[in-house]
Each structure stands twice: as structure tokens, then as C-alpha cells.
Amino acid sequence: MKILKYIKRGILPLTVAFSLALPTTSHIVYAESTNTFVPFRNYIPAYLAKNSDTTSELVTKLWAKLFYEESTWSPNSNQGKISWVDKYDDTFFGLGGTEKRVSDVVKNNNGNIALSTGDFEAFFANTLLANPKFFGQLLGLNRYKAISDNTSGTAYLREIMCSYLAQPDKYKYVSEAILKLTADHPEYLVGKPLAQVSATVNGVNKTADYWLLTTLASFYKVKTADGSGYVLSTKQTSWVESYQLALYKEYINAGGYQGNNSLAGKYPSIYELIARSKYAANNYGGDGVKGNGGNAAQNFFNYIVSTGKGGGAWLNLNDNISITGLDTIDNIEELIGMAEGYCGGLENYLLCDSSVNCRKNAVPIELYMYKLYKNNTAVNFINGNSTLNPLLNGTGGYIERFKAKHLGRNANGTLSQYIYAGPNAIEKKENSWSCACWDNLGYHDGGRPKTCSASVSATLSVGSAAFLPTAKYIIISATDGTSLAVTSGNQGNGKWTNRPDLSNWSLISNGVNIKSAIPEPTYIGEGTGSSPRRLRFDISSLSATQRANATLYVQFESYDSYSPNCPNGSGSHGTVTAKVGVSGTVEVITTYADCDVKGHTWNCDATLNSDMKTATITYTCGKNATHTHTITNAPVKVTTTDSEIVYSVFAAKLNDYKVVKRVARTTGSSDQTILLNSSNTSGSLLVSASSSKVNEPAGSKSSRIYTEANVNMYCSVHAGVIKAGAKSVTLNFNKINTKDVFKNLSITLYSSTGKIMGTNKQTVVGTQDMDIHNSQYTNDYTVRLVPAQWTDSDYENCYLVISASACAQNWTSPGNTPSPATAKIQLDSLTINY
């Protein structure tokens, strides 16, 4: 009879369990003591779900039993059942408090509980935390008591554990558990004990410390929720960083610097680790030799820039760059954009527009940028980055701002830059030999001179690249003229020039000749000898639309004629050559906006980027809205209060933080009663049973007889009902029949990951197995919580699981008929106190 009662409850005494539940061929040891109860196989998943965060050798061995049996499952030995779950499928209360079938939650994992995501992953993670030695046992480390009694069993369990470690992005619950476990128990890190064993995951055999590194690397340099520090402990961080060189070499050797076959290529956190190393900054190769890394250093720098973090520290890792204080600069983009070009007194004071201003504004950001600008290695890195290059070299860029302050004391507010617009030179020649006369050959013709001539033209097209938004003038230089060579006889009367003339020009924008929109061009100097003749086009009146698709066509022409002197009885001849060339590099004169020097104020607008970690800042000059500076990767500061989460960013030009976004925190209100129904619960809220069967305790000699009815309730309250900040949860039961005995009440509140947040075992109002009438129908059973012990993420999606039983009996004397017994439990609502 006792055995049948245990079977009914799904639990057997250990001695019976060995004979009925566990095969003698199992390689896993399950016994703790003769007082231990072991659930039937079909109840194991539900048992683990309910007790996952219990410190218990039984729980750990049930996980080991389950994993081992799944790993060695044979359909031929199990009535053709394709998996352990297929044979022992049953129900359990999963995350969120919903009743589920095991087969439904593991169907996407080949029907196995091991390495499934979601519910059982969370329960497994809880067990790892509640039983710290379990991790070492699964890996088969020497210092821990074996959980398997043979090598084969140890290998299976180690492979499963390492498979969890190898995929932290997939197994979030386990990776969070390993994070906390190795922080609380650094013995798993000190001395690298996991390096002594290995496991094969997805066909790749690595030591277990490599797989652990994969998990911890996913948390490397991740900030805590309040932003006050990092989630990795100091020991964990040092342990990860100790693998830096090995991971760097692995990445480079993977080929193409994509690292697809390396840990750094697969997991951004490890790429982050190697990208910020001295090996990356000095272009080390996979052989560990400096300078053998191909383009790796530039690629790493580009990545660092894209993160907006640690840019200055990375540059300072290079052996050719050593700028004191640069390590404090996270965002190089912000540094280049915000530095206004003051030299801090480091330039010749005669070059400064105002040496007083340069010295007065010698703040760190100006000095850092000036020293970077003067460092060739740093400039090469910056020029190789598509984001930073225009900030340094483009219109309104740092170089322009720097030159604006260092053109001397009589600067006129303009800067010149050179833009490649076409071929470097165009030259054409035309020769004439018709200018010769010889008496004896009959060419004299009355002594009149013969004339020879030559002409040539050259055309240049100047594209929209020269039509910068702030461009005022475009200057084109024409070189070469004509030349004369007298090869015999006397030199005659000739003309030649080094001054090619403009013969034709047009300005086309969007398919239309808008030549009339600008003044006629003018020459700047005549050009003599080898000096070019320069022609200036004033484009200051063009609109942005006209500039966007503009092309300037210019044609120069050079001409010469020669008349040789032919006296009677003598001869002369010569060659004349006309030449013209147009430089393909044109000079563009731009105006510059030096708003800071002129004392203008700045307005600031900021928007939060999609990553929620950076923001885009746009500064606009308060006097001229066309003068703007934009920073796209400014780091965001997150501040959390009781009522909201505030995202803000430091605005350098305002020297203050600017709020980017505010998000209200969702919490419950004080004392909230919620009606329970099928939309927010699973299981049965109402259970009842009746019985007319007469029971005689002592058979025919009984002095009293009775009828009896029993009911059991098992239900859950779904995630989302109980909010962050709850102090207590009270169940409100309906009135129960007068003869009912309400007993075995169990109320458990689970976190979003299945951790037990509270239970009524210690805090129940009244006592278990109490007669409901003795509590005067209050029917209030409460779980009390300490909100400070739990985070918002614990409360988010927390759920409640309830079980209870009731017994009703109607007694009478023999000879009478007892009335039918009816037992009933009805849960109507719950009250939450915040």
C-alpha cells in the first residue's frame, strides 16, 4: 500500500526506485542515501523544473542521468521510441507559469532536453549556480567527485557542457550562470584547470578552457546595468585577457583578415579583445612578427573608430605614437570634429592669427588633435578611414580649421585647396616649313618675306568635385606657349608668347548651360617664361543645386607666325611650334566658418542611435545655421531612477550633458487585486469532487462511519501579472465547504529564469493542514518578498505556481446514512502589494 501511495505521487523510496525506476546497466550513480526519493523518469523533467535551484545531489544526478541516457539513446532498445522524451513525455510548468508538454518545448532540438533552449536551459543554469561543484563534475575535472563511473559517461557529459559553453549567444541562461559561477568560484580560472581536458564541439576539438573562454568573452567589457563597472570580475577579466596573443594569431592565420574560422571572427567580444591589443596597433602578423599583418592594422583601427570607444588608447599602443593623455579620448571622430585648430602655442607665433587665442585655448582636446595632425603614422590611419578622412581633410575639416588660424595675422578669411579635375597636362603641336627662301632655287619672289604659322588648342573639363559648398573661386592654370627655332640663315621677324589665350568656355549644370550665372573669368597675372597663366572663375553666386551637378569646360589656344628675312643672294628657313598645356589640378578658394574664434554660440541636437549605446550629435552655429558639426558615434550615459531610465550624451561645445531620451519604468501600483481567469492562468482554478461511498474504519465493528471526497489543485499565474517592486503576493480563495480540510498548500514565485524568488513555506498566513474555518474565512495565503534582493529583470516575466489539496468528510453513527461528501477548492484572485 505504501508503494502504491508513492507511485500515485510520482515518487518512490530509493530502495524501491532502484528496482523499479533505474536500470542496473546505467553508468551514472544516482543514490545519495537510503532516505532519498527518486522520481519516475516521466516525472524527472517536472521535478527538475520545480527544484532546479535547489542545492541537492539528487538534482545534479538527475540532470546527469537525463543527459547520459539521451546521449546513449537507442530506439532498438526502447520499443522504437526515437528519443528519451518520446518515451517518457509528460507535462510540467515552464517559464512564465504555462503548463507545457516536454515534447513541445524540445521538438526543435531533435527531441532532446540536453542543449535545448528556453525552459530546460534555464532550469539547468539554475542547478549549476545552486551546486557549484556540478560544473567541475560535468567536465570531469580531477579535483571534483566523479558523477559518472566510467570514461565514456564522463566524455558524454563533458561534450554536452562544452557545447553549452561554445554557444553563449544561443544559451543565454547558461552563459549568465557561468558568468556568476566563475566569478563566485575563481578556482575554475586560477591555474587554468580546464586546460587539462578537451571536448569536441561541432567537429572541432579544443580544450575546455577554450570553450569557457568563448562564454566569458561574450561578457568581456560589457557594462553593468547601472553603468558603474563591468560584469566580469577582475579575475575573470584578467583570465580572458591572458589569451590575447593566441587569439590574435588565430584570427590573422584564419586568412583574409575576416577570421571566419577563428573565435574572434565568430564572437565580437573576442574580436574586441584582439583589436584593442598592441599586436593589432603595430600590425603584427600571424607569426607574431611586427609588420607582417598586411592591412590588418588599418582594419582594426577602422573597427575601433566604428565603436566610438578607446580610439586614443589604441593609437597610443602604436610604437610610433606616444601622446600623453590621448588614452583618455574614446571617440576619435569626436576629437577631430570638436578640435577647432588651436595649436596651444606649439606653432611659430607669427603664423597664428592670434597667438593669444592659441595659448588661451590650449585645452587637452586641441593639443591631442594638433599632435595627431603632426604625426605621420596617426595621419595615415586617419586618412585610411572613410569616416575620419573627410573630418580631417574635407570642407570645414580640421585641416581647414587649423589653417584658418595659422595663415598669419593678415588672413583674409579664405583657404585654398587643390583638387584633381582632369589630365595633368594637355599638349598639341603644329609645325610649318613653308617659310624659307633661296635665290638659286627660285623662292625669292621679289624679296617679299614668306610667312609660316602654328596654332594649337587644349580643353579641360572641371567636374563637380571642385564645386565645394563653400567654394568661392576656381582657378585654372595654362602652361607653355610657342617657340621659334632658326635652323639656318638669318633670323627674321617673329612673334611668340607663353600666354595661351582663353578661346571658349561653358558651364553646364543639370544639362543646361548656365554660363550667364557667373561673371566672365579674369586673368591673375600674365604668366611669363615658365610661369603659368592663371584664369579665375568666380562661382560664389551658384546655388547648392547648381553646384551639385556642375561641369566647367575651358579651352585655351596658342598661336604664332614667323616671317624669315630673305635678302637677295642668301637663304633662310625655320620651324615654329605652338604649344599649350592645362594643369589637371585646379585650385579652389573656399571661405571658412571660424565660429569659435568669432565668439558665436552653438545649438545642439542629439538623437539616440539604434544600438542604444551611442548617439548622433549635430551642433549648429547660433548665428549662421549653415555652419554645422556632426558627431555620429558619441557615447551615451545611462542613468536609472525609480521612475525612468535617462539616456544622455556629453555635448563638448556646451560643456554639459544633453538628455537624448527618457523611458518610463513599468512597475505595479500599490495594492492591486487581480481577478484570475483562463487568460492569465494555466491549470484549474476550480476543482471539486463528491462521493456517497460509506467508509467503515473498523469494518462492521465501527462506531462511526463516513463519506469522504478529495481534490487536488495545480495551477499557475502567468508572467506579466506581477510587476517589479512587488513586496508580497496574497492568494484569495473562495469560501470552502464547512467540512473541508484545506492542506498541503504550496505557493512558489519564480523569476523569469526559473529561480525561486519566494515561497509560502516560511511565510504562509496560518498553518498548513489547517481547518479553513479556524482562519475565519480570510483564506489569505501570502508570499512575502524583499524587492531589494531582486532586479527588474527578475521580476520581468516572473510567474507563480500553486498546488493545494482539500478533504471533505461527513460522519454519522451506524444505522444512519451519511450525507454525500463534497470537496472544493476555488481560487478567485490575488492581491499584490508594491
Hits in segment 168-181 (condition: part of a loop (DSSP other than H, G, I, E, B) and surrounded by fewer than 21 Cβ atoms within 10 Å (Cβ to Cβ)): Asp169, Lys170
Val586 outside the structural domain of Pro390 (by the TED database), at pLDDT 80 or above, crowded, with 16+ Cβ neighbours inside 10 Å and touching a helix residue (DSSP H, G or I) at 6+ places or on another chain (Cβ under 6 Å): yes
All positions within segment 39-81 that are over 23 Å from Thr154 (Cβ atoms), of a type in the set (D, E, K, R) and open to solvent by less than 40 Å² (accessible area, probe 1.4 Å): none
Positions within segment 321-347 being β-branched (Val, Ile, Thr) and in contact (Cβ under 8 Å) with a residue 40 or more places away in the chain, in sequence order: Ile321, Ile323, Ile332, Ile336
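Residue by residue, here is whether (1) closer than 29 Å to Thr55 by Cβ; (2) at pLDDT below 85; (3) assigned by the TED database to the domain that holds Ser52; (4) not charged (D, E, K, R) holds:
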position	(1), (2), (3), (4)
Ala726	yes, yes, no, yes
Ile736	no, yes, no, yes
Leu749	yes, no, no, yes
Ser752	yes, yes, no, yes
Gln768	yes, yes, no, yes
Asp771	no, yes, no, no
Complete set of residues in segment 590-613 that are touching a strand residue (DSSP E or B) at 6+ places or on another chain (Cβ under 6 Å), modelled with pLDDT under 80 and either more than 30 Å from Ala225 (Cβ to Cβ) or hydroxyl-bearing (Ser, Thr, Tyr) (or both): Thr590, Thr591, Tyr592, Cys595, His600
Matching residues in segment 353-376 - criterion: being assigned to a helix (DSSP H, G or I) and open to solvent by 40 Å² or more (accessible area, probe 1.4 Å): Val356, Asn357, Arg359, Lys360, Pro364, Ile365, Leu367, Lys371, Tyr373, Asn376
Breaking point among (1) open to solvent by less than 20 Å² (accessible area, probe 1.4 Å); (2) assigned to a loop (DSSP other than H, G, I, E, B); (3) hydrophobic (A, V, I, L, M, F, W, C), for Ala225: (1)
Criterion violated by Val379 - all others in (1) without any contact (Cβ under 8 Å) to a residue 40 or more places away in the chain; (2) not in a helix (DSSP H, G or I) satisfied: (2)
Residue within segment 215-224 that is touching a helix residue (DSSP H, G or I) at 6+ places or on another chain (Cβ under 7 Å), β-branched (Val, Ile, Thr), more than 22 Å from Ser242 (Cβ to Cβ) and outside the structural domain of Thr753 (by the TED database) present: no
Options Ser148, Ser175, Ser152: the member that is touching a strand residue (DSSP E or B) at 6+ places or on another chain (Cβ under 7 Å) and either under 23 Å from Ser71 (Cα atoms) or of a type outside the set (Gly, Ala, Ser) (or both): Ser148
Pairs where the first residue, in segment 231-245, is over 10 Å from Leu213 (Cα atoms) and the second is surrounded by fewer than 17 Cβ atoms within 10 Å (Cβ to Cβ), C-beta under 6 Å, 6+ apart: Val231/Val222; Val231/Thr224; Lys235/Pro186
Subset of segment 804-820 (residues that are small (Gly, Ala, Ser) and under 19 Å from Ser702 (Cα atoms)): Ser813, Gly815, Ser819
Residue within segment 387-397 that is of a type in the set (Gly, Ala, Ser), exposed (fewer than 15 other Cβ atoms within 10 Å of the Cβ) and under 24 Å from Val588 (Cβ atoms) present: yes
Selection from segment 120-155 of residues that are surrounded by fewer than 19 Cβ atoms within 10 Å (Cβ to Cβ) and outside any loop (DSSP other than H, G, I, E, B): Lys133, Thr151, Ser152, Ala155
Qualifying residue in segment 182-194 (condition: among the hydroxyl-bearing types (Ser, Thr, Tyr) and surrounded by fewer than 21 Cβ atoms within 10 Å (Cβ to Cβ)): no
Answer residue from segment 606-627, given it is over 22 Å from Thr470 (Cβ atoms) and not hydroxyl-bearing (Ser, Thr, Tyr) and is surrounded by the fewest Cβ atoms within 10 Å (Cβ to Cβ) among those: Asp611
Residues (within 15 Å of Phe67 (Cα to Cα), in contact (Cβ under 8 Å) with a residue 40 or more places away in the chain, touching an Asp or Glu at 6+ places or on another chain (Cβ under 8 Å) and open to solvent by 10 Å² or more (accessible area, probe 1.4 Å)) located in segment 82-113: Asn112
Lone qualifier among Leu350, Leu315 - being in contact (Cβ under 8 Å) with a residue 40 or more places away in the chain, outside any loop (DSSP other than H, G, I, E, B) and outside the structural domain of Asn393 (by the TED database): Leu315
Residues of segment 261-286 satisfying the condition of being touching a residue at least 24 places away in the same chain (Cβ under 8 Å), of a type outside the set (Lys, Arg) and open to solvent by 10 Å² or more (accessible area, probe 1.4 Å): Tyr267, Ser269, Tyr271, Glu272, Tyr279, Asn282, Tyr284, Gly286
Selection count where residues are hydroxyl-bearing (Ser, Thr, Tyr) and either in contact with a Ser or Thr (Cβ under 6 Å, 6 or more places away or on another chain) or assigned to a helix (DSSP H, G or I) (or both), scope segment 99-117: 1
Single condition Leu326 does not satisfy, out of (1) surrounded by fewer than 19 Cβ atoms within 10 Å (Cβ to Cβ); (2) touching a Phe, Trp or Tyr at 6+ places or on another chain (Cβ under 9 Å): (1)
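The values are calculated or read from the model by the stated rules, or taken from the named source; none is laboratory data. No experiment lies behind these values; they were computed from the predicted model shown. So basically every Cβ, Gly included, is an ideal-geometry build from the backbone, and we count neighbours across all protein chains shown. Please note that ligands, DNA and RNA were not included when accessible areas were found on the heavy atoms of the full protein model with its side chains. Shrake-Rupley method; radii C 1.70, N 1.55, O 1.52, S 1.80 Å.
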